[in-house]
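The values are calculated or read from the model by the stated rules, or taken from the named source; none is laboratory data. Everything numeric here is computed off the predicted structure, so don't read it as measured data. Don't worry about glycine lacking a Cβ; one is built from the backbone with ideal geometry, like all the others, and counts go over all protein chains shown.
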Amino acid sequence: MLEGQESARKAGRHGGRPSITDGDMATLAKFLHTQGVPVPDIVQRLTIPKGKNAGKRPSVRTVHRLLG
């Protein structure tokens, strides 16, 4: 591991992009999927709660990732 990354980790800082999903979004997506709702329709019912894309829809790929 690089020296800078190690010192950042020790200071409690994490790298990477913030997540656009949260537990509520994942729970709703899984529930709708078990009810037989197609993934494109699930995408239309979900909204990104925070960040620069707040208020927009997640991608179909993101929903597939949530569904496992």
**OP:** Report yes if GLY55 is on the phi > 0 side of the Ramachandran plot, of a type outside the set (Phe, Trp, Tyr), assigned to a loop (DSSP other than H, G, I, E, B) and modelled with pLDDT under 90, otherwise no.
**Re:** no
**OP:** Using the structure shown, decide if ALA8 is surrounded by 10 or more Cβ atoms within 10 Å (Cβ to Cβ) and modelled with pLDDT under 90.
**Re:** yes
Original post:
Only one of ILE48, ILE20 is in a loop (DSSP other than H, G, I, E, B), touching a residue at least 40 places away in the same chain (Cβ under 8 Å) and of a type in the set (A, V, I, L, M, F, W, C); which?
Top reply: ILE20
**OP:** Could you grab the pairs with beta carbons closer than 8 Å, sequence gap of 6+ or different chains, first residue in region 30-43 and in a helix (DSSP H, G or I), second one of a type in the set (Lys, Arg) and modelled with pLDDT of 95 or more?
**Re:** LEU32/ARG45; VAL43/ARG57
Original post:
Of the residues that sit in region 31-66 and are under 14 Å from SER19 (Cα atoms) and among the polar types (S, T, N, Q), which one is surrounded by the most Cβ atoms within 10 Å (Cβ to Cβ)?
Top reply: THR62
